[in-house]
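Asks: Quick one: structure below, then a few questions.
The values are calculated or read from the model by the stated rules, or taken from the named source; none is laboratory data. These numbers come from a predicted model, not from an experiment. Methodologically, a virtual Cβ is constructed for each residue, glycine included, from the backbone with ideal geometry; neighbour enumeration extends over all protein chains shown. The protein model used for the area step is the full one, side chains on, heavy atoms only, and it has no ligands, DNA or RNA in it. Shrake-Rupley method; radii C 1.70, N 1.55, O 1.52, S 1.80 Å.
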Amino acid sequence: MSTRTFDALRNTLNGTVILPDDSDYDQARALWNGMIDKRPAAIARCRSTEDIVAAVNFAREQGYVLAVRGGGHNAAGNALCDDGLVIDLTSMREVSVDPQSRTARAQGGATWADFDRATGEHGLATTGGAISTTGIAGLTLGGGLGWLMRSHGMACDNLRSVEIVTADGEVHRASATQHADLFWAVHGGGGNFGVVTEFEYNLHPVSTVLSGMLVHPAERAREALRFLRDFHPTAPDELTIFTAMMTSPEGMPIVAFIVCYNGPVDEGERALAPLRAFGPPVADMIQPTSYVAHQSMLDEGFPSGIPVYWRSDFLRQLDDTAIDTIVEHFEQITSPLSALLLEQFGGAVRR
């Protein structure tokens with residue numbers, strides 16, 4: 001499309017419009033998943049709700065497909081589209097915290113690092129992913145697992161309201177009492193209901209957590225997964241365990257229990273005692289740390305720009321057949337970057 005087509009949009013926005021001939025186009029269309037190679041007709045880097053309204057109206061009137069970029073971390077690459085218009089929120093990352101009401105409002109381009117930094121100053125947090133570079137928007141709109149979910153529910157469970165621009169260019173505040181049907185739709189239901197410009201969350205007192213890994217050699221994987229299956233039903237809601245089968249930086253296939261206990265440290269030590277006694281592990285890296293530090297613990301394992309492919313599913317139970325299948329397939333991997341992750345739900349998520 002000619003540059004002139006986008007002159008009207010460019011003249012309307014406080015933000016910028018990036019086109020294929022611009023020097024920063026390739027950087028602007030790069031996502032976390034390096035496998036995604038889509039070429040939008042234009043990228044509107046918005047700075048305000050008014051910018052988003054203008055971009056939505058322009059796309060509707062000109063007949064462009066729209067994509068919305070928050071953190072750009074979605075593995076499927078939904079933040080981009082070919083030959084359409086991308087509404088880029090990465091310049092809209094403000095987070096404001098009300099410690100008295102224990103609530104926070106965050107713009108749609110914020111990452112969990114932005115969010116946790118702001119709320120952590122007040123000893124507060126809400127459930128938000130496991131990698132700090134993930135955007136709050138995509139994670140929350142898709143449900144939003146995280147380290148606090150067993151005690152406080154998923155990100156969508158802690159969502160109080162959203163400001164959203166719908167396809168007709170109208171701005172709405174949606175909550176349980178305003179536009180309740182729209183709020184229900186974005187309450188973990190995914191995308192395509194509008195562009196969420198702001199999220200409002202409930203917060204919870206969270207400061208020091210027991211955090212880290214217990215590492216076992218991969219040849220003990222079956223035994224470790226069976227132990228974990230029997231331990232899960234007794235685990236308190238304050239404890240969340242993700243189990244990773246992966247290759248260590250030294251090239252050793254391992255199975256690691258990655259834990260976060262959100263509660264008094266002495267109670268956490270008692271809750272973790274059976275995990276630490278199993279094995280014993282070849283490495284015990286669990287220690288008290290800040291929740292903000294814990295949130296970035298796995299960041300280096302998920303760098304931006306590497307081509308990735310994910311598959312996921314839910315298991316009602318981790319029976320012996322499932323365990324055997326999981327271990328057999330892990331033993332067949334050919335890349336040290338391949339991993340298999342089991343994420344523990346239950347607790348407040350189930351309720």
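Asks: Would you please list the contacts, defined by Cβ atoms under 8 Å and residues six or more apart or on different chains, that run from a residue in the range 306-329 that is in contact (Cβ under 8 Å) with a residue 40 or more places away in the chain and part of a loop (DSSP other than H, G, I, E, B) to a residue that is open to solvent by 70 Å² or more (accessible area, probe 1.4 Å) and hydrophobic (A, V, I, L, M, F, W, C)?
Replies: Close Cβ pairs (under 8 Å, with a partner that is open to solvent by 70 Å² or more (accessible area, probe 1.4 Å) and hydrophobic (A, V, I, L, M, F, W, C)) amount to 306/337; 307/35; 308/35; 309/35.
Asks: Kindly provide the set of residues from the range 117-130 that are assigned to a loop (DSSP other than H, G, I, E, B) and closer than 28 Å to residue 182 by Cα, ordered by number. It would help to see each step written out before you state the result.
Replies: Filtering the range 117-130 for residues assigned to a loop (DSSP other than H, G, I, E, B) gives 121-123, 126-128, 130.
Residues satisfying the conditions are 126, 127, 128, 130.
Asks: Return the residues of the range 14-28 that are farther than 13 Å from residue 91 by Cα and either of a type in the set (Ser, Thr, Tyr) or crowded, with 16+ Cβ neighbours inside 10 Å (or both); say none if nothing qualifies. Step through it out loud before you land on a result.
Replies: Looking only at the range 14-28, we keep the residues that are farther than 13 Å from residue 91 by Cα, and these are 18-27.
Hits for the range 14-28 are 18, 19, 23, 25.
Asks: Considering only the range 245-261, state which residues are over 13 Å from residue 220 (Cα atoms) and in contact with a helix residue (DSSP H, G or I) (Cβ under 7 Å, 6 or more places away or on another chain).
Replies: 259, 260, 261
Asks: Identify all residues within the range 148-199 that are hydrophobic (A, V, I, L, M, F, W, C), surrounded by 21 or more Cβ atoms within 10 Å (Cβ to Cβ) and either without any contact (Cβ under 8 Å) to a residue 40 or more places away in the chain or assigned to a strand (DSSP E or B) (or both); write none if there are none.
Replies: 159, 162, 164, 165, 174, 183, 195, 196, 199
Asks: When you go through (1) under 22 Å from residue 72 (Cα atoms); (2) touching a Leu at 6+ places or on another chain (Cβ under 9 Å) one by one for residue 298, which number turns out not to apply?
Replies: (2)
Table: residues versus (1) in a strand (DSSP E or B); (2) within 20 Å of residue 44 (Cβ to Cβ).
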| position | (1), (2) |
| --- | --- |
| 64 | no, yes |
| 72 | no, yes |
| 92 | no, yes |
| 97 | yes, no |
| 143 | no, no |
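Asks: Among (1) over 30 Å from residue 110 (Cβ atoms); (2) modelled with pLDDT of 95 or more, there is one condition residue 232 misses while meeting the rest; what is its number?
Replies: Only one criterion in (1) over 30 Å from residue 110 (Cβ atoms); (2) modelled with pLDDT of 95 or more is unmet by residue 232, namely (2).
Asks: Please verify whether residue 45 is open to solvent by less than 60 Å² (accessible area, probe 1.4 Å) and either in contact with a Lys or Arg (Cβ under 6 Å, 6 or more places away or on another chain) or closer than 18 Å to residue 107 by Cα (or both), treating the condition exactly as stated. If you could, list the steps in order and put the result at the bottom.
Replies: Working: open to solvent by less than 60 Å² (accessible area, probe 1.4 Å): yes; either in contact with a Lys or Arg (Cβ under 6 Å, 6 or more places away or on another chain) or closer than 18 Å to residue 107 by Cα (or both): yes.
In short, yes.
Asks: So in the range 264-292, with the set limited to residues that are among the aliphatic types (A, V, I, L, M) and over 27 Å from residue 253 (Cβ atoms), which one is least open to solvent (accessible area, probe 1.4 Å)?
Replies: Narrowing the range 264-292 to residues among the aliphatic types (A, V, I, L, M): 265, 271-273, 275, 277, 282-283, 285-286, 292.
From what is left, the residues that are over 27 Å from residue 253 (Cβ atoms) are 265, 271, 292.
On the way: 265: 52, 271: 19, 292: 60 Å².
That would be 271.
Asks: Do any strands (runs of 3 or more DSSP E) lying entirely in the range 228-296 carry at least 3 residues that are under 15 Å from residue 343 (Cβ atoms) and touching a residue at least 40 places away in the same chain (Cβ under 8 Å), and which ones are they?
Replies: Passing ranges, in order: 239-247, 253-261.
Asks: Quick one: would you say residue 138 is assigned to a helix (DSSP H, G or I), more than 27 Å from residue 263 (Cα to Cα), out of contact with any strand residue (DSSP E or B) (no Cβ under 8 Å at 6 or more places or on another chain) and open to solvent by 20 Å² or more (accessible area, probe 1.4 Å)?
Replies: On the way: assigned to a helix (DSSP H, G or I): yes; more than 27 Å from residue 263 (Cα to Cα): yes; out of contact with any strand residue (DSSP E or B) (no Cβ under 8 Å at 6 or more places or on another chain): yes; open to solvent by 20 Å² or more (accessible area, probe 1.4 Å): yes.
Answer is yes for this residue.
Asks: If only one of 109, 123 is touching a Lys or Arg at 6+ places or on another chain (Cβ under 6 Å), modelled with pLDDT of 95 or more and either surrounded by fewer than 19 Cβ atoms within 10 Å (Cβ to Cβ) or within 29 Å of residue 21 (Cβ to Cβ) (or both), which one is it? Before you say what the answer is, go through the steps one by one.
Replies: Working: 123 fails: touching a Lys or Arg at 6+ places or on another chain (Cβ under 6 Å).
That would be 109, the only listed residue that is touching a Lys or Arg at 6+ places or on another chain (Cβ under 6 Å), modelled with pLDDT of 95 or more and either surrounded by fewer than 19 Cβ atoms within 10 Å (Cβ to Cβ) or within 29 Å of residue 21 (Cβ to Cβ) (or both).
Asks: Return the pair list, or none, for Cβ contacts closer than 7 Å from residues in the range 71-99 that are under 17 Å from residue 52 (Cα atoms) and open to solvent by less than 10 Å² (accessible area, probe 1.4 Å) to residues that are of a type in the set (Lys, Arg) and assigned to a loop (DSSP other than H, G, I, E, B), at least 6 apart or on different chains.
Replies: Final answer for the pair search is 80/38; 92/47.
Each row is one residue, and each column tells you yes or no for (1) modelled with pLDDT under 95; (2) closer than 25 Å to residue 35 by Cα; (3) under 25 Å from the mean Cα position of the chain (by Cα).
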{"residue": "245", "(1), (2), (3)": "no, yes, yes"}
{"residue": "255", "(1), (2), (3)": "no, no, yes"}
{"residue": "285", "(1), (2), (3)": "no, no, yes"}
{"residue": "328", "(1), (2), (3)": "no, no, no"}
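Asks: Mind counting the residues in the range 237-263 that are closer than 16 Å to residue 145 by Cβ, surrounded by 21 or more Cβ atoms within 10 Å (Cβ to Cβ) and of a type outside the set (A, V, I, L, M, F, W, C)?
Replies: Result for the range 237-263: 3.
Asks: Name every residue in the range 204-217 that is closer than 21 Å to residue 297 by Cβ, open to solvent by less than 50 Å² (accessible area, probe 1.4 Å) and not β-branched (Val, Ile, Thr), in order of residue number. Steps first, please.
Replies: Just the residues of the range 204-217 that are closer than 21 Å to residue 297 by Cβ, to begin with: 204-216.
Of the ones still in play, those that are also open to solvent by less than 50 Å² (accessible area, probe 1.4 Å) are 204, 206, 209-216.
If the condition is that a residue be closer than 21 Å to residue 297 by Cβ, open to solvent by less than 50 Å² (accessible area, probe 1.4 Å) and not β-branched (Val, Ile, Thr), then 204, 210, 211, 212, 213, 214, 216 are the ones that fit.
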